[in-house]
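The values are calculated or read from the model by the stated rules, or taken from the named source; none is laboratory data. Because the structure is predicted, anything quoted here is derived from the model rather than measured. Note: ideal-geometry Cβ built from the backbone for every residue, glycine included; neighbour counts use all protein chains shown. Protein only, heavy atoms only, side chains kept; ligands, DNA and RNA dropped before computing areas. Shrake-Rupley method; radii C 1.70, N 1.55, O 1.52, S 1.80 Å.
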Amino acid sequence: MNPVLSSWLVRATKWLVLVLGMGGTTALVFGLPNTARKTRPQKSIYYIPDQEYETECAACHIAFLPGFLPARSWTKMMNDLENHFGENAALDPEPKDRILRYLMENGTDSKKSSPRSKRIGKLIPKDETPLRITETPFWVRRHGSIRDWVWKRKDVASKAKCDSCHREAKTGVFEDHNVSVPKDQWWEW
């Protein structure tokens, strides 16, 4: 075999092995699908669907996953639905009690909550009862570096609109590689 061709084949093979061995980086650089992502454990908040909760609460906003707040927060919120962040979201006693039970059973301090939910709950001081997920230490730590103008973008509009950037927020998946921050178009300025 020609020594020049042989040398070129060796270098090309080494480059190919290097590129293929980079997995996720290769996918990012070349825009290839990354099959390695599918096998990584998800950083999730357990998604336990509850039709009544989704019907009553998601009519106005995303059905926030219970695993972001402790039971004491959900209790305080549900007991003051007449003044729910400036709105009257009052419910009849029976559905209110069922929804509260669902929220408490799946909050950060529940025995069956996800490992991530438990970590979120441990960061909340025991003497505090946050009502906004966006004010919890976990959320602030993860989103604190985001500039105020990003929250004002047309397709984001609010810190509470998780699904603007987290494509799988409704099912509890908040992986960094699933984040897609909407960008304003120059003609919308």
Segments classed as helices (runs of 4 or more DSSP H), wholly inside the range 105-189, with at least 3 members that are touching a Phe, Trp or Tyr at 6+ places or on another chain (Cβ under 8 Å): 115-123
Counted residues, the range 137-168 - those being surrounded by 14 or more Cβ atoms within 10 Å (Cβ to Cβ), within 20 Å of residue 109 (Cα to Cα) and under 14 Å from the mean Cα position of the chain (by Cα): 2
The one condition in (1) exposed (fewer than 12 other Cβ atoms within 10 Å of the Cβ); (2) modelled with pLDDT under 95 that residue 178 fails to fulfil: (1)
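Given the residues 63, 89, which is the only one that is open to solvent by less than 30 Å² (accessible area, probe 1.4 Å), closer than 21 Å to residue 49 by Cβ, not in a helix (DSSP H, G or I) and not polar (S, T, N, Q)? Steps first, answer last, please.
On the way: 89 fails: open to solvent by less than 30 Å² (accessible area, probe 1.4 Å).
Answer to the selection: 63.
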Residue in the range 116-124 that is in contact (Cβ under 8 Å) with a residue 40 or more places away in the chain, within 25 Å of residue 52 (Cα to Cα), among the charged types (D, E, K, R) and surrounded by fewer than 18 Cβ atoms within 10 Å (Cβ to Cβ) present: no
Odd one out for residue 76 among (1) under 16 Å from residue 132 (Cα atoms); (2) more than 21 Å from the chain's Cα centre (by Cα); (3) in a loop (DSSP other than H, G, I, E, B): (3)
